[in-house]
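A.B. asks: Structure provided below as structure tokens; questions to follow.
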Amino acid sequence: MDTLTPPSPEPRPYGDVAAQPVPEVPLLPAGPLCGLCGADAVAVWQRRLTGEELTQQVEWERERRARAVELSDPQLPAPVFGPLPGPEDFVRPVYACGPHAITLDLATLVHQASCSAPAVADLPGCSCTPEALLTAAAAPVLSSTAALPDHWVVGGE
Ligand SMILES: [Zn+2]
Ligand SMILES: [Zn+2]
């Protein structure tokens, strides 16, 4: 006589599961890597974009603006954009492992696009003259320090 129970799939042999080799999964890097040796990076600093990288950024911005105009409501005033971005608007991170890191002082500065770091010949320095830090006098003042939280005031009383 027929049963209403659907035929069960072939039982899996338990023993085989453990015996099967685990396929190799390529390990993705967990984070940024040293630009010189490819080890896990522990240090990072910034540099300006090369001419080519900047051209690409400006091109993307042009496309974004063209798209914004294309999608804008014709019954509203056309979108208005500021000047196109320039070299001062971008930085790129540069990563390095411990042995290939530049000095901490240098890492606090923005380096030129042509900077060689991390290059063994120049370590722990670099080949460029980094941009000077904004001095307190040159830094833009958004509001009086009285309005800043205490932990934002450097060297305050
Ligand atoms: Zn390295
Ligand atoms: Zn540099």
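Throughout, read-outs are computed from the coordinates displayed, never taken from laboratory work. The model shown is predicted, which means the values in this text are computed figures rather than measured ones. No Cβ is skipped: glycine too gets one built from the backbone with ideal geometry, and neighbour counts run over all protein chains shown.
A.B. asks: Please work out how much length the chain gains when fully extended from Asp73 to Ala121, using 0.36 nm per residue of separation minus the C-alpha to C-alpha distance, in nm with one decimal.
C.D. replies: Going from the current span to full extension adds 11.6 nm.
A.B. asks: Could you calculate, for the range 31-129, the ratio of the Cα radius of gyration to the Kirkwood radius, expressed as Rg to Rh?
C.D. replies: Answer for the range 31-129: 1.18.
A.B. asks: Taking the Cα centre of the range 31-129 as origin and charging only Cβ (+1 Lys, Arg; -1 Asp, Glu), how large is the dipole, in debye to the nearest 20?
C.D. replies: 20 debye
A.B. asks: Oh, and also: In nm, what is the difference between 0.36 nm times the number of residues separating Thr55 and Val42 and their Cα-Cα distance?
C.D. replies: Here the segment from Thr55 to Val42 would lengthen by 1.7 nm.
A.B. asks: Can you say what percent of the DSSP beta bridges in the range 31-129, counting only those with both residues inside, are antiparallel? Round to 5.
C.D. replies: Percent antiparallel among DSSP bridges in the range 31-129 is about 75.
A.B. asks: If you stretched the chain out fully between Phe90 and Gln112, how much longer would it get, using 0.36 nm times the residue separation minus the C-alpha to C-alpha distance?
C.D. replies: Between Phe90 and Gln112, full extension yields 6.8 nm more.
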